[in-house]
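Only the coordinates and a few stated rules stand behind these numbers; no lab work does. This structure is a prediction, so every number in the text was calculated from the model and none was measured. Glycine also receives a Cβ, built like all others from the backbone with ideal geometry; neighbour counts cover every protein chain displayed.
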2 protein chains.
Amino acid sequence: MEQQVNSPHYLALSGGVGGAKLTLGLSHVLPAEQLTIVANTGDDFEHLGLTICPDIDTLLYTLAGINNTALGWGRQDESWHFMETLKALGGETWFQLGDRDLALHTIRSQKLTQGGTLSQVTHFLCQQLGISPNVNPMTDDPLKTIVKTTQGTLAFQHYFVREQCRPVITGVEFEGRHSAQPSAAFSSALHHPYLKAVIICPSNPFVSIAPIRSLPGVDKALNTRPVIAVSPIIAGKALKGPADKMMRELKIPCTALGVCEYYGSLLNGFVLDEADAHYSQEIEAHGVRTLTTQTVMKTLDDRIRLAEEIVTWINTL
Amino acid sequence: MEQQVNSPHYLALSGGVGGAKLTLGLSHVLPAEQLTIVANTGDDFEHLGLTICPDIDTLLYTLAGINNTALGWGRQDESWHFMETLKALGGETWFQLGDRDLALHTIRSQKLTQGGTLSQVTHFLCQQLGISPNVNPMTDDPLKTIVKTTQGTLAFQHYFVREQCRPVITGVEFEGRHSAQPSAAFSSALHHPYLKAVIICPSNPFVSIAPIRSLPGVDKALNTRPVIAVSPIIAGKALKGPADKMMRELKIPCTALGVCEYYGSLLNGFVLDEADAHYSQEIEAHGVRTLTTQTVMKTLDDRIRLAEEIVTWINTL
């Protein structure tokens, strides 16, 4: 798809469920050629011989409208016969894989084995699922999020799924970050001549956004571009996932303000929930523009409305 | 499991459905330590990143009593959500994999990748499925059945499943047969001091039994041991699979007598169906003892009754 180089462009950085919701809203509001979606791949791992990319998959299923809203991950109308049998045969069952979900992992793994890049394979899956614009991995290279805890070092999915985020976190590392390169689509959007804004979605700053920022040159480029972030913390709590628990353990104030200060000088603008309106003045005093609005996205309408407000607001910055 | 070395021993060589039925009967008639089951692995192939062993699986599912009798392959109570989704996502669908069946292939593939031998992995699966005696692969090494046809050379599953045996066969080759070794259990049973008989199950002589015979030293050993075969051809037809079509294409008379002559001097005894009783005299004239009986196995009782008759008859040879 040829990009209109003189059209404004938007780059969304996304982790899991919260990021995917806003990205869905943005995909309704912006023409496909004006939006680049970049997914965290630090969570990706090999399991049962399959390459599993949880954040890419959440984006794919959400954008295709087939995500499992009850579970918060995986596909809707899922069945579990593979998993039941795997258990009966003494296989590993700590990571749940639905029968339908499994097909996506299998195709991806097969195409990667045949030499496709993760970008190519993800674009193929977008095409099959009727998704536009394409979802892009942050990198085609291996980069693994490692969680340091008081009980030792854990691969991300072992921390997140197997241990259910119970261990107390002391830090996060990104294995392979020096040799990994941003994907072509990511790099191209990051340096787009008409980039209106990088939108950091309401995703976990430490394990969803930090891996993206850890890639060589990314943070440096972000510092020269207009960047806005949407707070994943509302009234001191994460709607989903361990962001709030992590902030407490990392001794970062568990508030929208804490998130804003963590991103620091990277930000030109910050979107916070009405419940956190009282932080607005302090944030603005630091030279960061704010948009205070309803940021909880329960329905598709919520997602589109929030995306619309954000895009409109970006154009006033 | 320690073998009683002074007990009589039986070695069953099996391919797919017909072989598995008789093997199930034998497993009811003989104590586990007196029976070694060896499966053809020439059909094994890599597909969607999985190692699939069709003949081992047919034996496992049949011996565990969970085979799909309606389909003639795979597991009973199967669902196809993986396959439906694979198709929708543009994946390869010529080889059908049920959701439950997939779990077995996944565990096997994972354990092979981790360094287990096919024998070890198959024994593990037997244990999980509550099967005794163990099913053994003919070899732990790669050996691939290649079908030569008038349309060119085909990997076995491409001939058998993808092309549904339509191409006219001109010969069969076994890739890797010079470097593959019989598995330890197979070799041990073949040279067992109290071996009563090798039982060639009613399986396809050309693509189920020939791969086993093609392993270094096997045919030579078989020539020195008591060997009986059960005809897979009844009244000029194979109950299942392409054995009859292959015989016609290979210009071998498509009769029980044709099968017996194909095995030739390897045989001490031959089991043929009542429908083929008229061949008995000619076969006996060649010095091969015959058992003429009902060989169609529709029910479990049929399988046990045939196995009992064969074992009793072997003891008169």
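On average, how much area does the Cα convex hull of region A:202-317 cover when viewed from any direction, in nm²? Mind showing how you got there, number by number?
Values: hull surface 28.6 nm².
That works out to 7.1 nm².
How well do other chains shield peptide A:91-100, expressed as the mean number of their Cβ atoms within 10 Å of each residue Cβ?
Numbers: counts 7, 3, 0, 0, 0, 0, 4, 4, 12, 9.
Mean shielding count: 4.
What is the Cα convex hull volume of chain A when expressed per residue in Å³?
Values: hull volume 40.1 nm³, N = 317.
Spread over its residues, the Cα hull of chain A gives 126 Å³ apiece.
What's the local net charge at B:W313, with K and R +1, D and E -1, over the other residues with C-beta under 13 Å away? Numbers along the way, then the final one.
Details: positive: B:K196, B:R289, B:R305; negative: B:E308, B:E309.
Cβ neighbours under 13 Å give a net charge of +1.
Is region B:9-83 rounded, prolate or oblate when judged by the Cα gyration tensor, a ≥ b ≥ c being the square roots of its eigenvalues, rounded requiring a/c under 1.5 and prolate requiring a/b larger than b/c?
Values: a/c = 2.74, a/b = 1.59, b/c = 1.73.
Oblate, since a/c reaches 1.5 and b/c is not below a/b.
What's the Cα-based Rg to Rh of the protein assembly as shown, Rh via Kirkwood? Numbers along the way, then the final one.
On the way: Rg = 31.5 Å, Rh = 27.9 Å.
We get a ratio of 1.13 for the protein assembly as shown.
If you fit an axis through the alpha-carbon atoms of helix B:300-314 and take the longest principal axis of the Cα set of chain B, what angle between them do you get, 0 to 90°, nearest 10?
40
Please list, ordered by chain and number, the residues whose modelled amide H lies under 5 Å from the amide H of A:N68; skip anything fewer than 5 residues away on the same chain.
Placed amide hydrogens put A:W73, A:G74, A:R75, A:Q76 under 5 Å from A:N68.
Which of the trypsin sites (Lys or Arg not before Pro) found in region B:197-270 are loop residues per DSSP with 11 or fewer other Cβ atoms within 10 Å of their Cβ? Working shown, then result.
Working: sites: B:R213, B:K220, B:K237, B:K240, B:K245, B:R248, B:K251; in loops: B:K240, B:K251.
When the trypsin sites (Lys or Arg not before Pro) of region B:197-270 are filtered for loop state and at most 11 Cβ neighbours within 10 Å, B:K251 remain.
Between region A:240-289 and region A:148-175, what's the alpha-carbon centroid distance in Å?
23
Please give the helix B:99-113 orientation as an angle from the longest Cα principal axis of chain B, in degrees from 0 to 90, rounded to the nearest 10.
90
What dipole magnitude, in Debye to the nearest 20, does region A:165-317 give about its Cα centre under +1 on Lys/Arg Cβ and -1 on Asp/Glu Cβ? Working shown, then result.
Working: 15 positive and 15 negative charges, 74 e Å.
Computed charge dipole of region A:165-317: roughly 360 debye.
What are the label-to-label distances in nm, one decimal and shortest first, from A:T117 to the same spot in the other copies, with labels 7 Å along Cα to Cβ?
Shortest to longest, the spacings are 4.4 nm.
From the label point of A:E308, set 7 Å from Cα along Cα→Cβ, how far away are the matching label points in the other copies, in nm, ordered shortest to longest?
For A:E308, the other copies' label points sit at 7.9 nm, shortest first.
Between 0 and 90 degrees, rounded to the nearest ten: what's the tilt of helix A:118-129 against the longest Cα principal axis of chain A?
Helix A:118-129 sits at roughly 90 degrees to that axis.
Which value in deg cm²/dmol, rounded to the nearest 500, describes the helix-derived mean residue ellipticity at 222 nm for the protein assembly as shown, given -39,500 (n - 2.57) per DSSP H run of n ≥ 4 and division by the residue count?
Details: 24 runs with 220 residues, N = 634.
The per-residue figure over the protein assembly as shown is -10000 deg cm²/dmol.
Whole Å is fine, so just give me how far the alpha carbon centre of region A:183-210 lies from that of region B:1-53.
Here the two parts' Cα centres lie 57 Å apart.
Sort shortest first the distances from B:T293 to its counterpart in every other copy, using label points 7 Å along the Cα-to-beta-carbon line, and give them in nm.
Between copies, matching label points for B:T293 lie 8.1 nm apart.
Quick one: longest stretch of chain A between exposed loop chymotrypsin sites (Phe, Trp or Tyr not before Pro), exposed meaning at most 14 other C-beta atoms within 10 Å and loop per DSSP? Don't skip to the end; give the middle numbers.
Numbers: sites that count: A:W94, A:Y194.
So the longest stretch without any such site is A:195-317.
Pull up the cross-link candidates among the lysines for A:K21, meaning alpha carbon to alpha carbon under 18 Å and not fewer than 8 places away within one chain.
A:K21 reaches A:K237, A:K240, A:K298.
Looking only at other chains, what is the average number of their beta-carbon atoms within 10 angstrom of each beta-carbon in B:101-110?
Values: counts 3, 9, 14, 5, 1, 12, 8, 1, 2, 7.
The per-residue average across the peptide is 6.
Quick one: what are the phi-derived ³J(HN,Hα) couplings along region A:202-212, Karplus 6.51/-1.76/1.60 with θ = phi - 60°, whole Hz, x for glycine and proline?
My calculation for region A:202-212 gives x, 10, 4, x, 8, 10, 10, 8, 4, x, 5 Hz in order.
So which residue of A has the beta-carbon closest to the axis that swings A onto B, and how many whole Å away?
A:D99, 2
Compare B:N204, B:N68, B:N136 in a GNM of chain B, Cα atoms joined below 10 Å, and give the one with the largest fluctuation.
B:N68
Restricting the count to DSSP beta bridges whose residues both fall in the protein assembly as shown, what percent are antiparallel, rounded to a multiple of 5?
Working: 34 of 82 bridges.
Counting only bridges with both partners in the protein assembly as shown, antiparallel ones make up about 40 percent.
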